[in-house]
There are 2 protein chains.
Amino acid sequence: MSSTYTHPDVAELTLPSVLFALSDPVRLEIVGQLAAWQAGEVPLVCASVGPEMPKSTRSHHLKVLREAGVTRSVQSGRERQLSLRREDLDARWPGLLTAVLSGVSEPIEA
Amino acid sequence: MSSTYTHPDVAELTLPSVLFALSDPVRLEIVGQLAAWQAGEVPLVCASVGPEMPKSTRSHHLKVLREAGVTRSVQSGRERQLSLRREDLDARWPGLLTAVLSGVSEPIEA
């Protein structure tokens, strides 16, 4: 498996694909966890983000989020760290992510 | 075909289903047209809203929007008039529809 992922440039993001990426309860929970992450905390890694689920299911959800430009995956040693592309999304659709996040209930596990 | 449609109550709306309903270019165009409708103008009817497409395709898109609670269809004489459930959506997810609409490009036909 390649150690780097490709991510769409901010100009390539499309509203339908971002909305589709956000249109799933598991992906919304992942995005909520990423949004709640604070600088200084242990980074969120791909292998453990979101609720309990099979590895292949998690990989699928992370792929949908990454390909839509909602999240970024970065290799750090043996782990893939995950972050929210908040600035990019806010630049393209001001207020969208904030409105969605305020509608996301608390994550089951942080 | 029944002359009345069922619509989910505002409390039944869910964020994933609303985001899914909005995650399609044709449905976004329909929502943009509905949002641009002004009081006093000829009401938008189901049969002609959105871009050119087969009747069955339009019906499918309108069903997704209606069942998610994004739009309301009301029988008026021989036509079904379509409206955006803006107040309901704003009440549940303040700012969401506004952010989405600002990302929707101009409708092809008004």
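Structure summary
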| read-out | value |
| --- | --- |
| Candidate set: the range B:1-31, residues that are among the polar types (S, T, N, Q) and under 9 Å from B:Ala68 (Cα atoms); chosen: the one farthest from the chain's Cα centre (by Cα) | B:Thr14 |
| Total residues in the range B:65-87, condition within 14 Å of another protein chain (Cβ to nearest Cβ) and crowded, with 20+ Cβ neighbours inside 10 Å | 4 |
| Residue list for the range A:1-49, filter: of a type outside the set (D, E, K, R), in a loop (DSSP other than H, G, I, E, B) and surrounded by 14 or more Cβ atoms within 10 Å (Cβ to Cβ) | A:Tyr5, A:His7, A:Pro8, A:Leu13, A:Thr14, A:Leu22, A:Ser23, A:Trp37, A:Leu44, A:Cys46, A:Val49 |
| Hey, A:Ser17 touching a residue at least 24 places away in the same chain (Cβ under 8 Å) and either touching a His at 6+ places or on another chain (Cβ under 9 Å) or within 14 Å of another protein chain (Cβ to nearest Cβ) (or both) or not | yes |
| The one condition in (1) within 12 Å of the chain's Cα centre (by Cα); (2) in a helix (DSSP H, G or I); (3) not basic (Lys, Arg) that A:Asp88 fails to fulfil | (1) |
| Members of the range A:50-74 found to be under 13 Å from the mean Cα position of the chain (by Cα), on the phi < 0 side of the Ramachandran plot and assigned to a loop (DSSP other than H, G, I, E, B), listed by number | A:Val70 |
| Boolean, B:Gly103 is within 14 Å of another protein chain (Cβ to nearest Cβ) and either exposed (fewer than 14 other Cβ atoms within 10 Å of the Cβ) or within 13 Å of the chain's Cα centre (by Cα) (or both) | no |
| Pairs where the first residue, in the range A:43-64, is in contact (Cβ under 8 Å) with a residue 60 or more places away in the chain and the second is part of a loop (DSSP other than H, G, I, E, B), C-beta under 9 Å, 6+ apart | none |
| Index of the failed condition, B:Leu82 passing every other in (1) more than 13 Å from the chain's Cα centre (by Cα); (2) assigned to a strand (DSSP E or B) | (1) |
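Any read-out appearing in this document is the output of simple, stated calculations on the displayed coordinates, not a laboratory observation. In this text, all values refer to a predicted model and were calculated from it rather than measured experimentally. Don't worry about glycine lacking a Cβ; one is built from the backbone with ideal geometry, like all the others, and counts go over all protein chains shown.
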